[in-house]
Amino acid sequence: MIIDVALVRRLVAEQFPQWAGLPVSPVAVGGNDNRTFHLGDEMSVRLPSAEGYVASVEKEQRWLPVLAPHLPVPIPAPLAQGRPGAGYPWPWSVNQWLDGTTAGPDTVTDQTEFAVDLAGFLTALQAVDTGGEPAAGRHSFWRGAGLAHYDDETRKAIAALDGRIDAAAATVEWDAALDAQWRAKPVWFHGDVAAGNILVRDGRLAAVIDFGTCGVGDPACDLVIAWTFFGGPAREAFRKALNVDDATWQRGRGWALWKALITIEHHPDSARQIDLILGATRLR
């Protein structure tokens with residue numbers, strides 16, 4: 001399916017004629033799960049790219065307004081929900097536009113300061129009470145649930161990459177993550193805390209976007225950025241600011257290992273992340 005400017009213009013004109021005259025343009029950094037477009041200067045349009053991501057639309061519409069007042073930086077604010085139309089088969093969203101630049105080595109001024117700020121955001125997110133909903137599951141792609149859901153996939157990837165990575169060490173790390181089970185009260189998690197979903201302004205944390213995999217469960221999945229973005233001192237500052245126990249940290253390493261393993265074929269740099277997770281230079 002082609003999701004482009006022309007489609008967005010048709011959808012907006014059909015369903016929100018009050019915005020039909022506003023310019024539409026693709027965002028500079030797009031995503032895979034959803035396609036996002038500028039709508040005028042103050043709004044964005046977000047459309048799921050496949051059926052598996054459709055559940056995020058109603059979830060974000062329902063819960064983002066609940067979360068926003070409790071968080072230290074802005075998150076997307078839903079303005080309207082679109083329906084299928086113009087040849088597009090799924091619901092979609094119009095959100096308030098958030099200013100900022102995607103987080104990266106060239107946009108974050110001080111990694112350690114940024115790590116502490118991000119930990120503060122996640123701490124505030126985890127403190128929001130929802131009564132246990134939306135519980136982690138298929139809608140979150142099992143983020144926030146047990147790592148065992150991805151056990152077969154992870155072990156197959158380790159076996160396939162034997163010789164490129166230290167398969168024995170990766171297996172030990174994965175087994176340890178599976179053993180470190182979550183036994184505390186479920187809390188809010190974002191589900192995809194990655195540089196591409198974090199906006200900065202003047203080098204500081206400015207906003208967090210893309211809550212499509214959010215839910216209530218085990219927050220260990222939100223620790224992946226400790227290995228995919230932060231260096232050693234910033235990683236330790238992130239852990240200290242979050243007050244993460246050993247078991248949760250180990251599960252976070254498991255989530256990071258799983259993610260690196262399944263992406264290494266298409267992103268060879270993921271091999272370096274596996275090395276960081278294993279904690280030594282073991283790549284051959």
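Please pick out the residue among 216, 244, 200 that is among the aliphatic types (A, V, I, L, M), over 17 Å from residue 34 (Cβ atoms) and in a loop (DSSP other than H, G, I, E, B). It would help to see each step written out before you state the result.
Values: 216 fails: in a loop (DSSP other than H, G, I, E, B); 200 fails: in a loop (DSSP other than H, G, I, E, B).
Answer to the selection: 244.
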Problem set entry | strands (runs of 3 or more DSSP E) enclosed by region 5-94 - at least 1 residues per element that are under 30 Å from residue 204 (Cβ atoms) and without any contact (Cβ under 8 Å) to a residue 40 or more places away in the chain | 24-26, 34-39, 78-82
Seminar exercise, completed: Scanning region 131-174 residue by residue, those of a type in the set (A, V, I, L, M, F, W, C), without any contact (Cβ under 8 Å) to a residue 12 or more places away in the chain and in a loop (DSSP other than H, G, I, E, B) turn out to be 142
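If you scan region 180-193, which residues turn out to be surrounded by 15 or more Cβ atoms within 10 Å (Cβ to Cβ) and assigned to a loop (DSSP other than H, G, I, E, B)?
Within region 180-193, 180, 182, 186, 190, 191, 192, 193 qualify.
Considering each of 274, 262 in turn, give the residue that is buried (at least 24 other Cβ atoms within 10 Å of the Cβ), of a type in the set (Val, Ile, Thr) and part of a helix (DSSP H, G or I). Quick ask: steps written out before the conclusion?
Numbers: 262 fails: buried (at least 24 other Cβ atoms within 10 Å of the Cβ).
Sole residue among the options that is buried (at least 24 other Cβ atoms within 10 Å of the Cβ), of a type in the set (Val, Ile, Thr) and part of a helix (DSSP H, G or I): 274.
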Exercise. Out of (1) among the charged types (D, E, K, R); (2) in the same structural domain as residue 196 (by TED's automatic domain parsing); (3) touching a Leu at 6+ places or on another chain (Cβ under 8 Å), what's the single condition that is false for residue 35?
Worked result: (2)
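Sort through 112, 107 and tell me the only one that's assigned by TED's automatic domain parsing to the domain that holds residue 261, touching a strand residue (DSSP E or B) at 6+ places or on another chain (Cβ under 6 Å) and within 17 Å of residue 201 (Cα to Cα).
Values: 112 fails: touching a strand residue (DSSP E or B) at 6+ places or on another chain (Cβ under 6 Å).
Of the residues listed, the single one that is assigned by TED's automatic domain parsing to the domain that holds residue 261, touching a strand residue (DSSP E or B) at 6+ places or on another chain (Cβ under 6 Å) and within 17 Å of residue 201 (Cα to Cα) is 107.
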For this session: Please enumerate the residues belonging to region 134-175 that are farther than 30 Å from residue 67 by Cα, surrounded by 15 or more Cβ atoms within 10 Å (Cβ to Cβ) and hydrophobic (A, V, I, L, M, F, W, C).
Result: 157, 158, 161, 165, 167, 169, 170, 174
Problem set entry | Tabulated pairs, region 109-130, first assigned to a helix (DSSP H, G or I), second acidic (Asp, Glu) and buried (at least 16 other Cβ atoms within 10 Å of the Cβ), C-beta under 9 angstrom, 6+ apart or interchain | 122/222; 125/222; 126/222
For this session: Please work out which one of (1) at pLDDT below 95; (2) over 18 Å from residue 158 (Cβ atoms) is the condition residue 272 fails and give its number.
Result: (2)
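Sort through 226, 177 and tell me the only one that's in a helix (DSSP H, G or I) and within 30 Å of residue 99 (Cα to Cα).
Working: 177 fails: within 30 Å of residue 99 (Cα to Cα).
Of the residues listed, the single one that is in a helix (DSSP H, G or I) and within 30 Å of residue 99 (Cα to Cα) is 226.
The values are calculated or read from the model by the stated rules, or taken from the named source; none is laboratory data. Just so we're clear, the structure is a prediction, and the values are computed from it rather than from any experiment. Note: ideal-geometry Cβ built from the backbone for every residue, glycine included; neighbour counts use all protein chains shown.
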